[in-house]
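Contents: one structure, followed by commentary.
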Amino acid sequence: MSQVAGRMRPEQRIGVRTYGEVDSALSGLVARHPGSPQFSAGEAVALEWALGRVPRAPVTGVGADDVPDLQLLTAEVDATVVRLEDPTAPAGHRDYFQGVYGALAWICGLRGQLV
């Protein structure tokens, strides 16, 4: 892993995105979504986890020692889809999972832009 003074280099890849792109997405989160706080919370924790800033995945709780690799990121996307398809999930939880899914799908290249 290429790090500079304890931080990843901006060009280091997280999924198909660069560290700099993901970090900028997290920084601009408030400006993008003035709506659902649960959606924004899901998006934020997914971006933080992908950056290696929180130790546990947002849906499965799987731990990662550092920045998760593409395989772990896509596994979390899959787990999120399962939760989104659960008809018994409360509306607030669904918003949270949609935020997680949107962020991780973007990081993995399944979406062209972060919603």
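Values quoted throughout were computed directly from the atomic coordinates according to the rules given, and no laboratory measurement underlies them. Every value quoted in this text rests on a predicted model; they were computed, and no experiment measured them. As a convention, Cβ positions derive from the backbone with ideal geometry for all residues, glycine included, and neighbour counts pool all protein chains shown.
Quick rundown of the values:
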{"item": "Residue identified as under 20 Å from Arg13 (Cα atoms) and touching a Cys at 6+ places or on another chain (Cβ under 7 Å) among Val77, Val54", "result": "Val77"}
{"item": "Filter result for Ala89 (without any contact (Cβ under 8 Å) to a residue 60 or more places away in the chain, among the hydrophobic types (A, V, I, L, M, F, W, C) and surrounded by 15 or more Cβ atoms within 10 Å (Cβ to Cβ))", "result": "no"}
{"item": "Test: residue in the stretch 56-73 that is outside any loop (DSSP other than H, G, I, E, B), surrounded by 14 or more Cβ atoms within 10 Å (Cβ to Cβ), free of Cβ contacts under 8 Å to residues at least 40 places away in the same chain and at negative phi", "result": "yes"}
